[in-house]
């Protein structure tokens, strides 16, 4: 396994674990809130079960839900997200409901075993707790808890879907009002465009070409997410990706995004050849600079970037065909990248004239080191 492949696999695993751990923490906090709320309700009607019972409930529900949250973040919710992307919503929602029910049953089973073990002060494997476990699992209390956690899971899935729609980090930026007032920041931009899209569109039927572009976007997106990129826009058959400067240059994330996407398309080449009779190739331009960032829109709000850096990046990408390369980047960006000689090799293209620019711009291409 190459160092680049190992790095990206590590990044994907790290992102997945971070997401799962965050879900587990939030769900465990929700379990603590639920137990406290129910205890307070009972106490307000003078039927308090007692502090000891409350503490036992916390000790059993919070760890069980934390484990359930980890399983949800690592297995169930990624599957649900994948189903919602690739299946009709009716079928996807049915599969999601069944998966959530299975997860709830396992979590509920674990929680009630721990609870009754602590309540009776016996081992979790003691047969004496089985009647209480069966009574809870088949009772109304378990149904009530299922409906509550079905709601929590639905909210979690909705948040993940919104995060998918707007891109990682954008939802949180909306919630915190980070860009309610426009601000300047330095960002890296990557423009990724399918080569020969016009001739491919002429070969395929309209619906088939739409499916072709849809498949392409779906196959290159994991590379963008693994390298912590934010998808800013889909423009026809082009994707505009952005990173805050420190995140984009860290570990050469913006460069890794290109090579990982390239690897993904190579792996899917038989699928494209069989389904469409053509294998997509693409070109990329990367640049960095200062932009004004802010919320825009009334009916459909979005976070928009404004600045010359976007136009320059688009012009850089448009030179790929003429210069017969797949990736071009500016010297401005290259000077800030921590390129390692054992990983990537830069090659100067020279001073290139860009449309709308008074002065020529030094450009480089990047190749994988042997």
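What is the log10 of I(q)/I(0) for the stretch 3-166, computed with the Debye formula using one identical point scatterer on each Cα and no solvent, at q = 0.09, 0.13, 0.15 Å⁻¹?
Log10 I(q)/I(0), no solvent term: -0.37, -0.71, -0.89.
Nearest 10 degrees, 0 to 90: what angle lies between the long axis of helix 206-226 and the longest principal axis of the chain (Cα atoms)?
Once rounded, one gets 70 degrees.
Cα gyration tensor of the stretch 302-342, axes a ≥ b ≥ c as square roots of the eigenvalues: rounded (a/c below 1.5), prolate (a/b > b/c) or oblate? Before the final figure, lay out each step's value.
On the way: a/c = 2.50, a/b = 1.26, b/c = 1.98.
Note, shape of the stretch 302-342 comes out oblate.
Rounded, prolate or oblate: pick one for the stretch 174-368, where a ≥ b ≥ c are the square roots of the eigenvalues of its C-alpha gyration tensor, a/c under 1.5 means rounded, and failing that, prolate if a/b is larger than b/c, else oblate. Please list the in-between numbers first.
Numbers: a/c = 1.56, a/b = 1.16, b/c = 1.34.
Oblate shape, in that a/c is at least 1.5 and b/c is the bigger or equal ratio.
Which FRET efficiency, nearest 0.05, do residue 301 and residue 186 yield, Cβ-Cβ r, R0 22 Å?
Taking R0 as 22 Å, the efficiency between residue 301 and residue 186 is 0.40.
Starting from the Cα-Cα distance between residue 101 and residue 154, subtract it from 0.36 nm times their residue separation and give me the gain in nm to one decimal.
On the way: separation 53, 0.36 × 53 = 19.08 nm, distance 1.20 nm.
Computed gain between residue 101 and residue 154 is 17.9 nm.
First check a/c for the chain, with a ≥ b ≥ c the square roots of the eigenvalues of its C-alpha gyration tensor; if it is under 1.5, answer rounded, and if not, answer prolate when a/b is larger than b/c or oblate otherwise.
Working: a/c = 2.53, a/b = 2.21, b/c = 1.14.
Verdict is prolate for the chain.
Once every DSSP H run of n ≥ 4 in the chain is given -39500 (n - 2.57) and the sum is divided by its residues, what mean residue ellipticity at 222 nm do you get, rounded to the nearest 500 deg cm²/dmol? Intermediate results must be reported in sequence, preceding the final value.
On the way: 15 runs with 222 residues, N = 370.
Calculated at 222 nm, the ellipticity per residue is -19500 deg cm²/dmol.
Order by neighbour count: 181, 256, 287, 271, fewest other Cβ atoms within 10 Å first, most last. Walk me through the numbers before you get to the answer.
Details: 181 8, 256 21, 287 29, 271 13.
Lowest to highest Cβ neighbour count: 181, 271, 256, 287.
Could you tell me the calculated FRET efficiency between residue 348 and residue 218, based on Cβ-Cβ distance and R0 = 30 angstrom, to the nearest 0.05? Walk me through the intermediate numbers first.
On the way: r = 35 Å, r/R0 = 1.16.
Once the sixth-power term is evaluated, E becomes 0.30.
Between 0 and 90 degrees, rounded to the nearest ten: what's the tilt of helix 308-318 against the longest Cα principal axis of the chain?
The two axes meet at around 70 degrees.
Note the full-extension length gain between residue 311 and residue 79 as 0.36 nm times their separation in residues minus their Cα-Cα distance, in nm to one decimal.
Details: separation 232, 0.36 × 232 = 83.52 nm, distance 3.78 nm.
Gain on extension, residue 311 to residue 79, equals 79.7 nm.
Only counting other Cβ atoms within 10 Å, I'd like 254, 320 sorted with the fewest neighbours first.
On the way: 254 29, 320 21.
With the fewest neighbours first, 254, 320 line up as 320, 254.
In nanometres, what is the gap between the two model label sites at residue 281 and residue 161, each 7 Å from Cα along Cα-to-Cβ?
Those two pseudo-labels are separated by 3.9 nm.
Pop the C-beta distance of residue 52 and residue 91 into the FRET formula with R0 = 51 Å and round what comes out to the nearest 0.05. Please report the intermediate quantities before stating the final value.
Values: r = 47 Å, r/R0 = 0.92.
Efficiency at R0 = 51 Å is approximately 0.60.
For the chain, take the longest principal axis of its alpha carbons; what is the angle in degrees between that and the long axis of helix 51-71, to the nearest 10 within 0 to 90?
With rounding to tens, the tilt is 30 degrees.
Throughout, read-outs are computed from the coordinates displayed, never taken from laboratory work. Everything numeric here is computed off the predicted structure, so don't read it as measured data. Quick reminder, even Gly has a Cβ in these numbers, built from the backbone with ideal geometry, and neighbours come from all protein chains shown.
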